[in-house]
Amino acid sequence: MTHVDTPVGKLLSGLDRRLGAAKFTRSKLNYVFPEQFSFLFGEIALYAFVALVATGIFLMLFYSPSETKTLYEGSYAPLRGVEMSEAYRSVMRLSFDVRGGLLMRQIHHWAALVFTGAVAAHLCRVFFTGAFRKPRELNWVTGVILLMVILLEGFMGYSLLDDLLSGAGVRIANAVVQSIPVVGSTAAFWLWGGEYPGSGFLGRLFTLHIFLMPALITALILVHLALIVRQKHTQFPGKGRTERNVVGTRMWPTYMTMSTGLAFMVGGVLALMGGWLQINPVWLYGPYDPFTITSGSQADYYVLWIQGALRLMPPWEVRAWGVTVPNPFFPGILLPVVLFGLLFAWPWLEAAVTRDWRTHHLLDRPRDRPARTGLGVAAIVLVTLLLIAGSDDVIAVEAGWSIVAFRNVERILLLVLPVIAGLLAARVARDLSRAEPLGADAATEVPAPASGGERG
Amino acid sequence: MSQAPPPARTARRVTLLFLTSLAASVAFAVAYSVAASIQVLGLTLGIAMLALGAGMAVWSKRLMPQGPFVEERPDLEPTPEEERAAAEAFVSGERAIGRRKLLGPLFAAAAGMLGLVVLWPVRSLGPRPGSALRVTGWRRGARVVNELGQPVRADDLEVGGVITAFPEGHVRSADAQTIIVRVADAVLRPPAGREDWAPGGHLAYSKVCTHAGCPVGLYQADSHVLICPCHQAAFDVLDAARPVFGPATRPLPQLPLEVDGEGFLVARGDFSEPVGPGFWELEPPREDRQRGAS
């Protein structure tokens, strides 16, 4: 009965007959993807993650998570004879004495930056188009959890190198954990294995970074994708597109080929960046010691906003009834908790305000939702200002400004600029929406009755 | 789509891209085996992947069915009958469980307790803080040594000079690290109770920033200010290291110094306050408490 005679076709039909998967296979091969460039951010993130896993497997075979002090005798002359941790030495060896090692390291680091950036862009796309609305609230929540795990994973990754820069980052992280009310000092002692710098911390970080966190990210990505497949993609309103259909190209062969092509292109760009653009040259920073420091320290941008918040926070803390809520708690813990809390709650907050609890498969144009668009722009401006504050010392030195005056200006801007930008964005959105209303016919046109199996 | 090139030309373009990728892959393998530079490796690998990906993108966009195809969405919301049937299936089981009134709550208590105690091993992760955050390696009579472990003489440091110091036997200790700055005797204006803590103008403060723990490593001798490069907290060494800029709220704890019979700097005890970033159990500093009382 079979009319499938290619080798892969035979394999598929063989599986179909043993697993009863024929119907599933057919429906997935014919899965329809609506095409829009902004839908690719999530895919770029996915492929950057694949690149991270691939290069990460190579890197972990050479990295040694040990704080034991040793003398450097490798081929990088300026550090010869310098005392350093075994961890930092293994990174030096990887960078200078392992063939292809530096390429892998740099691709890995660039991939982490592209990954977090693509995730952030994907988050913005989903937010501004209202793709988080019913029935996709659960996938929104999955995505926000992913974002948190990814930021933490990235921070853990570059903390492993035990260079002067990352060491300062770990020191700050310890202080931030220690600032948590009631449980802070115990939590810090448990995580670090004692008073800072603790004992065996790099080993714990390594296990988390290469096993637990990637496993968690993989599991969350699978849930994220399974929910998409179950609920199908959203689509922008347009000719023939309704709440009851999906219009676009099919998974097989067109979309799968295109998307795999995108995966290779992401890999290609990362390989070019890894080969040509220097990133995190730890040999210039030198090894970490708790009593050494350099000026102009910078975190990677995806945690730099917390660094900025730590800087802009005025010198206040709570001291009452014999206890202290230290200053770093407010920018380092409370601010991220509030921001992520708002992100988690957003689908329900918005529905409560708009009283729109209906199912939506058609996306909003950002201009048609001025309030949401304005709020989103305000949030982006806020985080951008915090990012800038994270490098404000470098900016002030380069520009020849007084850091004292600059920081006060930043504090005022942080309070004022998001509001202005948000109001302005809402205004522009409203005008655009009026100037170019959504075609009345677009959303209401009766869908073509073709089923998934037929060519439309 | 009307200006799209004819399929034959597109196919030639894809062929060219795939051939480019093939050649670049071979070049990458060769470059790797002759240990070529990172730029050559990145270039060949990058071209191999970019050309392959671009070829696939063009192939899919130009030579594969574009549709538009239409797929109907499944109705995810259940009908009232389906909902009722599912609810009934659950409720009948729930009733069977509820028939034994004691077992349910008892099970919940036992399972909950088990869930709690399997978290207990978390206690093995590290010691409890105890007094660790309040004490350092400094003791009365402990000699001041530099980062190489060499004892420091009172006249080793010029006025305006600065040195990182540790208690003898605790070189490179993270919490005992101390920064000693020497200022002219004339500008010293010690607070009450600290009049004799800075022999010869040697002011010793904890090098651990009271904000987030970075080393307070920069000293501006002309303004007598210690600065932490992480968040730019600044402390006035002449005014008991009180914070004068940035996010720090507490002064750097001071280490009382004296000169021993052989002319070496020694400590007269531990720091004036717990060192480093704050924590929940940290009592407000003395002057706060006095202010609160008055």
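Values for this structure:
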{"quantity": "15 Å beta-carbon shell around B:Ala57, net charge (K/R +1, D/E -1)", "calculated": "+1"}
{"quantity": "Karplus-derived 3J(HN,Hα), 6.51/-1.76/1.60, for each residue of segment A:345-359, Hz, glycine and proline x", "calculated": "7, 3, x, 7, 4, 5, 4, 5, 6, 7, 6, 10, 9, 6, 6"}
{"quantity": "Dipole-positive endmost among B:Ser223, B:Ala204, A:Leu310 within the protein assembly as shown (Cβ charges, Cα centre)", "calculated": "A:Leu310"}
{"quantity": "Simple Cβ-charge dipole of the protein assembly as shown, Lys/Arg +1 and Asp/Glu -1, about Cα centre, in debye nearest 20", "calculated": "2740 debye"}
{"quantity": "Total lysine pairs under 26 Å (Cα atoms) in the protein assembly as shown, excluding pairs fewer than 8 apart on one chain", "calculated": "12"}
{"quantity": "Over the protein assembly as shown: Rg over Rh, Cα atoms, Kirkwood Rh", "calculated": "1.03"}
{"quantity": "Summed residue charge, Cβ within 10 Å of A:Ala131's Cβ, Lys/Arg positive, Asp/Glu negative", "calculated": "+2"}
{"quantity": "Ranking of B:Val122, A:Val82, A:Val266 by count of other Cβ atoms within 10 Å, fewest first", "calculated": "B:Val122, A:Val82, A:Val266"}
{"quantity": "Stokes-Einstein D (µm²/s) once Rh is taken as the Kirkwood radius of segment A:1-44 over alpha-carbon pairs, at 37 °C in 0.692 mPa s", "calculated": "261 µm²/s"}
{"quantity": "Degrees between helix A:137-159 axis and first principal axis of chain A (Cα, 0 to 90, nearest 10)", "calculated": "30 degrees"}
{"quantity": "Gap separating the Cα centres of segment A:106-121 and segment A:379-428, nearest whole Å", "calculated": "24 Å"}
{"quantity": "J(HN,Hα) series, segment A:365-374, from Karplus relation 6.51 cos²θ - 1.76 cosθ + 1.60, nearest Hz, glycine and proline x", "calculated": "7, x, 5, 7, 10, x, 5, 5, 4, x"}
{"quantity": "Segment A:291-348: chymotrypsin sites (Phe, Trp or Tyr not before Pro) in DSSP coil with no more than 16 other Cβ atoms inside 10 Å", "calculated": "A:Trp316, A:Trp321"}
{"quantity": "Exposure proxy ranking, count of Cβ atoms within 10 Å, fewest first, for B:Cys209, A:Cys124", "calculated": "A:Cys124, B:Cys209"}
{"quantity": "Longest DSSP-loop-exposure-free segment, trypsin sites (Lys or Arg not before Pro), chain B, at most 14 other Cβ within 10 Å", "calculated": "B:195-294"}
{"quantity": "MRE, 222 nm, helices only [DSSP H, n ≥ 4, -39500 (n - 2.57), over chain B, to nearest 500]", "calculated": "-11000 deg cm²/dmol"}
{"quantity": "Using alpha-carbon coordinates, inclination of helix B:103-117 to the longest axis of chain B, degrees", "calculated": "60 degrees"}
{"quantity": "Exposure rule at most 10 other beta-carbon atoms within 10 Å, DSSP loop GluC sites (Glu not before Pro): chain B longest free segment", "calculated": "B:1-157"}
{"quantity": "Helical mean residue ellipticity (222 nm; -39500 (n - 2.57) per DSSP H run of 4+; nearest 500) of chain A", "calculated": "-20000 deg cm²/dmol"}
{"quantity": "Gap separating the Cα centres of segment B:206-279 and segment A:74-94, nearest whole Å", "calculated": "32 Å"}
{"quantity": "Residue order, fewest to most surrounding Cβ atoms within 10 angstrom, among B:Leu252, A:Leu414, A:Leu277, B:Leu282", "calculated": "A:Leu277, A:Leu414, B:Leu282, B:Leu252"}
{"quantity": "P(r) of segment A:37-303 over all Cα-Cα pairs, binned every 10 Å from zero, in whole percent", "calculated": "6, 26, 31, 21, 11, 5, 1, 0"}
{"quantity": "Global form of chain B, assessed from the alpha-carbon gyration tensor, a/c cut-off 1.5", "calculated": "oblate"}
{"quantity": "Principal-axis tilt of helix B:38-63 within chain B, Cα atoms, nearest 10 degrees", "calculated": "30 degrees"}
{"quantity": "Exposed-site-free run, longest, chain A (rule: trypsin sites (Lys or Arg not before Pro); DSSP loop; at most 15 other C-beta within 10 Å)", "calculated": "A:100-238"}
{"quantity": "Cubic angstrom per residue, convex hull over Cα atoms of segment A:37-149", "calculated": "123 Å³"}
{"quantity": "Long-range amide H partners of B:Leu218 with built H, under 5 Å", "calculated": "B:Ile227"}
{"quantity": "13 Å beta-carbon shell around A:Leu349, net charge (K/R +1, D/E -1)", "calculated": "0"}
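Rule-based calculations on the coordinates, nothing more; no lab input. None of the values given here were measured: they were computed from a predicted structure. Because the Cβ atoms are built from the backbone with ideal geometry, glycine has one as well, and the counts that use them run over all protein chains shown.
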